[in-house]
Amino acid sequence: MTVEEICELAKRNSPLPKTDFMSEQWLYATLRLTYDGYRRGLIDDKQGKAEKTSAIKRYEDIKLWEEIFRRQAAISPELGLLMSEANKNDCEICRKMAGLIDGRIVPKEV
């Protein structure tokens, strides 16, 4: 979904369609609370706009981290097989690289 679509759903207090993205769920819930606060007179127009702008900026960061996590999860099975081979290999660099990736080696120990 686009930011505009999420904003419009939150503004109308319409349900968010099923989504697998926590970033979209977070933005929707945050904006819905902001719009509700505005409608109830708890915040003014200026504060509402500032909160909306801040939420959208944070959403972009959360979305990026979510995409990085999903990409990493997608490559993990193949990476695991390669790391197993690297550990069995006689190559010292390969073993160090595998140790860094799986956390057995802390960078200051390299």
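Evaluate the charge dipole of the chain about its Cα centre and quote only its size in Debye, nearest 20, assuming +1 on the Cβ of each Lys and Arg and -1 on the Cβ of each Asp and Glu.
400
Looking at Q47, L100, L79, which one has the Cα that reaches farthest to the positive end of the dipole of the chain (charges on Cβ: Lys, Arg +1; Asp, Glu -1)?
Farthest along the dipole direction, towards plus: Q47.
About the Cα centre, and with charges only on the beta carbon of Lys, Arg (+1) and Asp, Glu (-1), how big is the dipole of segment 61-110? Nearest 20 debye, please.
For segment 61-110, the charge dipole is close to 80 debye.
Determine, for the chain, the count of lysine pairs separated by eight or more sequence positions (or lying on different chains) whose alpha-carbon distance falls under 28 Å.
So the count works out to 17.
Assuming R0 = 41 Å, what is the FRET efficiency of R39 and S76, from their Cβ-Cβ distance, to the nearest 0.05?
Plugging the Cβ-Cβ distance into 1/(1 + (r/R0)^6) gives 0.40.
What whole-number value in Å² describes the accessible area per residue of the chain for a 1.4 Å probe?
Counting only protein heavy atoms, the per-residue value for the chain is 75 Å².
With n ≥ 4 as the cut-off for DSSP H runs, can you work out [θ] at 222 nm for the chain, using -39500 (n - 2.57) per run divided by the number of residues, rounded to the nearest 500?
Only helices count here, giving -26000 deg cm²/dmol.
Any idea what diffusion coefficient the chain gets from Stokes-Einstein, in µm²/s, Kirkwood Rh on alpha carbon pairs, 10 °C, 1.306 mPa s?
In µm²/s, the coefficient rounds to 92.
Given a 1.4 Å probe and heavy atoms of the protein chains only, how would you sort S14, S23, S84, largest accessible area at the top?
Ranked list, largest accessible area first: S84, S14, S23.
Highest GNM mean-square fluctuation, the chain, Cα pairs closer than 10 Å: which of R40, R71, R32?
Checking each option, the largest mean-square fluctuation is seen for R40.
What is the sum of charges around S84, taking Lys and Arg as +1, Asp and Glu as -1, for the other residues whose C-beta is under 12 Å from the C-beta of S84?
Surrounding charge for S84 is -1.
Is any helix in the chain, taking whole DSSP H runs, at least 27 angstrom long along its axis by alpha carbon and on average at least -1.0 on the Kyte-Doolittle scale, and which ones?
45-88
Using 0.36 nm per residue of separation minus the Cα-Cα distance, give me the extension gain between K11 and K88 in nm, one decimal.
22.0 nm
In the chain, which Cys residues have no partner Cys with a Cβ closer than 4.7 Å?
For the chain, the answer is C7, because their Cβ atoms have no other cysteine Cβ under 4.7 Å.
The values are calculated or read from the model by the stated rules, or taken from the named source; none is laboratory data. Computed from a predicted structure; not experimentally measured. A quick note on method: Cβ atoms are made from the backbone with ideal geometry, for glycine too, and the neighbour counts reach across all protein chains shown. These area figures cover heavy atoms from the full protein model, side chains too; ligands, DNA and RNA do not enter into them. Shrake-Rupley method; radii C 1.70, N 1.55, O 1.52, S 1.80 Å.
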